[in-house]
Amino acid sequence: MAWRSATTTRHLTEQDGQPDEALKAYGLASAIRQKLADDYPTATEFQSDLATSHIHIGTLRRDTGQAAESLKAYESALAIRQKLAREHPESPDRLSDLGENQGNLAVIDLDARRFEEARLRLLDLKQASCDLQF
Amino acid sequence: MLKAAGKPAEAIKAYESSLAIRQKLAYANPTVTQLQSGLALGYDNSASY
């Protein structure tokens, strides 16, 4: 399974210089997914989709220089994905998502020169990668 | 596909058409979760095309 990276996500901001429009669209998607996740708390798909929305918003925020908001969005995704990984240890997708999340957060930490925090996140990512191989 | 073919304007138009359909379906069927999820995906696509 290939690691997915939020850094490969392309937004309007990169292509057309419309980050506000992109953020608005991601926000609408997130609101729908939040409601689905709230209405169906045991449906892992909806929880996972909500985390993905947080990742999209976090990456867009990061790409537009809003590190604090990006961190907050990534941490929201992390909380969901940690819970899903705990509840579904048999699922490689859940572990892969968690690794992706730690990679995103590590980039934020590196940008802010929080090297120790980044190192710990990358160690988590490495562990998740090792777990996926067995 | 249109985007990959170097036709971004056509790609945007296709995404917008898709989003309009998803909106209509989701609004007409608010209890069908699949359609709500589809609308969310449509918004994602509109942000990233």
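The values are calculated or read from the model by the stated rules, or taken from the named source; none is laboratory data. Since the model is a prediction, treat every value here as computed from it, not as a measurement. FYI the Cβ positions are ideal-geometry reconstructions off the backbone, even for glycines, and counts take in every protein chain you see.
Computed quantities for the displayed model
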{"quantity": "Flag for A:GLN66 being farther than 23 Å from A:ALA37 by Cβ and either crowded, with 21+ Cβ neighbours inside 10 Å or not aliphatic (A, V, I, L, M) (or both)", "calculated": "yes"}
{"quantity": "Set A:LYS126, A:LYS83: member being more than 28 Å from A:LEU23 (Cα to Cα) and of a type in the set (Lys, Arg)", "calculated": "A:LYS126"}
{"quantity": "From A:ALA85, A:ALA2, residue being at pLDDT below 95, out of contact with any helix residue (DSSP H, G or I) (no Cβ under 7 Å at 6 or more places or on another chain), within 20 Å of A:GLN102 (Cα to Cα) and away from every other protein chain (no Cβ under 13 Å)", "calculated": "A:ALA2"}
{"quantity": "Condition met for A:ASP97 (farther than 18 Å from A:ILE57 by Cβ and either of a type in the set (D, E, K, R) or assigned to a helix (DSSP H, G or I) (or both))", "calculated": "no"}
{"quantity": "Residue in region B:31-49 that is surrounded by the fewest Cβ atoms within 10 Å (Cβ to Cβ), counting only those that are more than 8 Å from every other protein chain (Cβ to nearest Cβ) and outside any helix (DSSP H, G or I)", "calculated": "B:THR31"}
{"quantity": "Test set (1) assigned to a helix (DSSP H, G or I); (2) closer than 22 Å to A:GLN127 by Cβ - A:PRO89 fails condition number", "calculated": "(1)"}
{"quantity": "A:SER96 modelled with pLDDT of 95 or more, under 13 Å from the mean Cα position of the chain (by Cα) and not aromatic (Phe, Trp, Tyr)", "calculated": "no"}
